[in-house]
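Colleague: Can you keep this structure in mind? I'll have questions shortly.
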Protein chains: 2
Amino acid sequence: MKENSVGLVKPKTFHVDEPLHTVSGSVIPAYDLVYETYGQLNADKSNAILICHALSGNHHVAGYYDGDEKPGWWEHYVGPGKPIDTNRFFVVGVNNLGGCHGSTGPASINPETGRPWGPDFPIITVKDWVVSQDKLREHLGIEQWAAVVGGSLGGMQVIQWAIDRPDRLRHAVVIAAAPRLSAQNIAFNEVARTAIMSDPDFHGGRYLEHGVIPKRGLALARMLGHLTYLSDDLMGKKFGRELRDRLKYNFDVEFQVESYLRYQGEKFATRSKFDANTYLLMTKALDYFDPAAEYDHDLSKAFARVQAGFLVVSFTSDWRFSPERSEEIVRALLDNDKNVSYAEIESQHGHDAFLLPNPFYEGVFSAYMDRVAREVGA
Amino acid sequence: MKENSVGLVKPKTFHVDEPLHTVSGSVIPAYDLVYETYGQLNADKSNAILICHALSGNHHVAGYYDGDEKPGWWEHYVGPGKPIDTNRFFVVGVNNLGGCHGSTGPASINPETGRPWGPDFPIITVKDWVVSQDKLREHLGIEQWAAVVGGSLGGMQVIQWAIDRPDRLRHAVVIAAAPRLSAQNIAFNEVARTAIMSDPDFHGGRYLEHGVIPKRGLALARMLGHLTYLSDDLMGKKFGRELRDRLKYNFDVEFQVESYLRYQGEKFATRSKFDANTYLLMTKALDYFDPAAEYDHDLSKAFARVQAGFLVVSFTSDWRFSPERSEEIVRALLDNDKNVSYAEIESQHGHDAFLLPNPFYEGVFSAYMDRVAREVGA
């Protein structure tokens, strides 16, 4: 176990015993949210940070589970002395509603039927997540988050928090995100969904009741995801045209890049036990995210009542959510004379860069969070 | 029927009654090549143009089949008064070996077994295609092509022609191609192949004997292909976030871009009857293409003995084979003081641009082909 880690952690469960009326028009009568916390909440409860996760993430942001060698997904950035410094902040990670790591989702039992929700689980939007995460905030007795922080789909939740609950967060840290998906982004999601839904083991989403999982579709979706998270450059540097063995002139894996992608796909579909219906829901939440839509499709209008200070971060080689997309966010904030810092970080790691070590990114992130800590007396 | 078309056309079959020893180490004892010709071969047989097709293309380059409303795939560029002017040139389109439109391929009967070749069809490389196309050249009594022309995978065949048969072509027109695939390119191909091969209806490639086709996998492969042929910009302009109807909050098609991709996928997998094993073979030919490999991985060395004059064309928004990739070809030719013209065409149509009308592209292409025609007295 590394020394600058929050160390051993355990998830907790918060049961929300009131209905959630989703944007999609459904009602979830009650639900669980699984979450983790690191660091200490200070006396005036001003040092709390909410971390929102991306497509395949969860509440296990940092630290280790007993007997598990692998730390949480943002171990590089959350811990003692790290950009989100758990010596100063009380950090909350939460598994989103609709997820598959403990929070109520498609694999949970629908109390009305006694069967897994499966495909009947309501479509969840980023707005719904903000509502449910706000219940957790109340439950923890936090008046205002010192910051809400997230990358990718997590960053979209941060944006929605700032718009829908302007007084509930002091700062918004939006990393490698976009104010809405492009047609190409939606198209990639649609190919992934079609891969899952056309897998004969999908059974219209009722695979659990059939005792199977749509492994092939899930693996394909993940392969495609990985492909878009990495930059062309990095793939070239990492794999080039290197062969795994020698040219065999058959359809086995020959190039290293093939081997890598197949491994990632299979690992995700089998070992990680990621729920296929959750994958579908998360991609839909991405597609639907469009906070400007409620404000005459004008992002500047959407940001008019925002109170949070913003840090917006993008990465040069991220072609999924390119720096141009982050700049749309920055411009719309500046249109409203909001307080915004923006950093475009040089990186060859594509969209994945938001998860990976990078001294300049760490520096920018630490400096901003240090300012947040000082503001809240942490 | 349009006036500036070659009009009604009919394919012919050339039976090659000698074995082809493939680069992959297999032997194809004999094979058919289906081809079409337009225009008249002149007296000294100096005005012949060979057009090489891309992944899903074939020999039906221009004109119409009786009763068919849809012209050949390059109707915009091949015909009377068009850049490849059939009033001046004798144009040959050929379906590649391993294809599924009449030339011997995986769906043909393997004379040794009496069953379709299926997955036993040898892996075919671009070099093998040049060998087989050269047999057709001999058969047609053509000493030297006035030009060999192709886009995408077709352009790669042109490059290989220029290297392997330097005296057999006067000009080489290489459009929207690359001297070899990048790791990202290979990765996209690998996802497409995995989609096909993991379809339960694939049956290890013996689907024909099972009376099925791997429709789902083929549709996915095509959706992914289309996604990479279009630019992000164009998809944005063409579809944006436009809804097909209204937000339904379910997994039906909601956005126009989803509808478009699903339609393309289904059309390819069902109506076009494209053979899945051919799709696999073609993507492998792309992956393996690397003419520099035989020359110490030095493209300049590979081009040392080239005699053809080159026209190289790229398109600004093509992210599959970007202008930078074409420039690699141009640089390696210039290293050898070869005759090369290069045009980077402004277009928002991505990789597909090589098929679509574009006045500047047409102008450049026509001017070059006019020069070729004058050189050969056509």
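The values are calculated or read from the model by the stated rules, or taken from the named source; none is laboratory data. Everything quoted here is computed from the prediction, not taken from an experiment. Virtual Cβ from ideal backbone geometry, glycine too; neighbours counted across all protein chains shown. When the accessible area is computed, the model is the full protein with side chains, heavy atoms only, and any ligands, DNA or RNA have been set aside. Shrake-Rupley method; radii C 1.70, N 1.55, O 1.52, S 1.80 Å.
Colleague: Taking segment A:179-188 only, how many residues are of a type in the set (S, T, N, Q), in a helix (DSSP H, G or I) and at the interface with chain B (Cβ under 7 Å from one of its Cβ atoms)?
Modeller: 1
Colleague: Please pick out the residue among A:VAL312, A:VAL330, A:VAL306, A:VAL253 that is at negative phi and in contact with a Gly (Cβ under 9 Å, 6 or more places away or on another chain).
Modeller: Exactly one of A:VAL312, A:VAL330, A:VAL306, A:VAL253 is at negative phi and in contact with a Gly (Cβ under 9 Å, 6 or more places away or on another chain), namely A:VAL312.
Colleague: Please determine whether any residue of segment A:212-227 is open to solvent by 10 Å² or more (accessible area, probe 1.4 Å), among the β-branched types (Val, Ile, Thr) and either within 30 Å of A:GLU294 (Cβ to Cβ) or more than 8 Å from chain B (Cβ to nearest Cβ) (or both).
Modeller: Checked against the condition, which is being open to solvent by 10 Å² or more (accessible area, probe 1.4 Å), among the β-branched types (Val, Ile, Thr) and either within 30 Å of A:GLU294 (Cβ to Cβ) or more than 8 Å from chain B (Cβ to nearest Cβ) (or both), segment A:212-227 yields at least one hit.
Colleague: Taking the conditions exactly as written (over 24 Å from A:ALA353 (Cα atoms), of a type in the set (Asp, Glu) and away from chain B (no Cβ under 12 Å)), does A:ASP275 satisfy them or not?
Modeller: Yes: the conditions hold for A:ASP275.
Colleague: Restricting attention to segment B:18-73, and to residues there that are within 14 Å of chain A (Cβ to nearest Cβ), part of a loop (DSSP other than H, G, I, E, B) and out of contact with any Lys or Arg (no Cβ under 8 Å at 6 or more places or on another chain), which single residue is surrounded by the fewest Cβ atoms within 10 Å (Cβ to Cβ)?
Modeller: B:GLY25
Colleague: So, in segment B:1-17, exactly how many residues are part of a loop (DSSP other than H, G, I, E, B) and open to solvent by 90 Å² or more (accessible area, probe 1.4 Å)?
Modeller: Residues flagged as part of a loop (DSSP other than H, G, I, E, B) and open to solvent by 90 Å² or more (accessible area, probe 1.4 Å) within segment B:1-17 amount to 5.
Colleague: Moving on. Report, by residue number, each residue of segment A:189-211 that is within 12 Å of chain B (Cβ to nearest Cβ) and either among the charged types (D, E, K, R) or within 19 Å of A:VAL126 (Cα to Cα) (or both).
Modeller: Our first condition is that a residue be within 12 Å of chain B (Cβ to nearest Cβ); within segment A:189-211, this holds for A:189-202, A:204-205.
Scanning segment A:189-211 gives A:ASN189, A:GLU190, A:ARG193, A:ASP199, A:ASP201.
Colleague: Taking segment A:45-85 only, how many residues are under 17 Å from A:ARG371 (Cβ atoms) and polar (S, T, N, Q)?
Modeller: Going through segment A:45-85 one residue at a time, the tally reaches 2.
Colleague: Can you tell me which of (1) farther than 26 Å from B:ARG193 by Cβ; (2) modelled with pLDDT of 95 or more is the one B:VAL212 doesn't meet?
Modeller: (1)
Colleague: Test A:ARG193 against the stated conditions and say whether it is at pLDDT 95 or above, open to solvent by less than 10 Å² (accessible area, probe 1.4 Å) and within 22 Å of the chain's Cα centre (by Cα).
Modeller: Taking the combined requirement at face value, the residue satisfies it.
Colleague: Next question, about the same structure. State the number of residues belonging to segment A:119-166 that are touching a strand residue (DSSP E or B) at 6+ places or on another chain (Cβ under 7 Å), closer than 21 Å to A:PRO291 by Cα and not in a helix (DSSP H, G or I).
Modeller: 7
Colleague: Within segment B:249-267, restricting attention to residues that are open to solvent by 10 Å² or more (accessible area, probe 1.4 Å) and aromatic (Phe, Trp, Tyr), which residue is farthest from the other protein chains (Cβ to nearest Cβ)? Give the derivation first.
Modeller: In the first step, residues of segment B:249-267 are kept if they are open to solvent by 10 Å² or more (accessible area, probe 1.4 Å); the result is B:249-253, B:256, B:259-260, B:262-264, B:266-267.
Filter again for aromatic (Phe, Trp, Tyr), leaving B:249, B:251, B:260, B:263.
Numbers: B:TYR249: 4, B:PHE251: 6, B:TYR260: 8, B:TYR263: 12 Å.
Ranking the candidates gives B:TYR263 first.
Okay, residues lined up against (1) in a loop (DSSP other than H, G, I, E, B); (2) at the interface with another protein chain (Cβ under 8 Å from one of its Cβ atoms); (3) of a type in the set (Ser, Thr, Tyr):
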{"site": "A:LEU247", "(1), (2), (3)": "yes, yes, no"}
{"site": "A:ALA269", "(1), (2), (3)": "no, no, no"}
{"site": "A:ALA285", "(1), (2), (3)": "no, no, no"}
{"site": "A:HIS297", "(1), (2), (3)": "yes, no, no"}
{"site": "A:LYS301", "(1), (2), (3)": "no, no, no"}
{"site": "A:GLN307", "(1), (2), (3)": "yes, no, no"}
{"site": "A:LEU311", "(1), (2), (3)": "no, no, no"}
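Colleague: Filtering segment A:164-180 down to residues that are within 15 Å of the chain's Cα centre (by Cα) and among the aliphatic types (A, V, I, L, M), which residue is farthest from A:PHE321 (Cα to Cα)?
Modeller: In this case the residue turns out to be A:ALA172.
Colleague: Could you check segment B:126-163 and list, in sequence order, the residues that are under 13 Å from the mean Cα position of the chain (by Cα) and within 14 Å of chain A (Cβ to nearest Cβ)?
Modeller: Correct list: B:VAL126 only.
Colleague: Residues in segment B:228-245 that are without any contact (Cβ under 8 Å) to a residue 60 or more places away in the chain, open to solvent by less than 20 Å² (accessible area, probe 1.4 Å) and more than 7 Å from chain A (Cβ to nearest Cβ): how many?
Modeller: 0
Colleague: Return the pairs, sorted by first residue and then second, in which the second residue is of a type in the set (Asp, Glu) and open to solvent by less than 20 Å² (accessible area, probe 1.4 Å), the first residue lies in segment A:58-74 and is within 15 Å of A:GLU3 (Cα to Cα) and in the same structural domain as A:ASP85 (by the TED database), the beta carbons are less than 7 Å apart, and the residues are 6+ apart or on different chains.
Modeller: A:ALA62/A:GLU75
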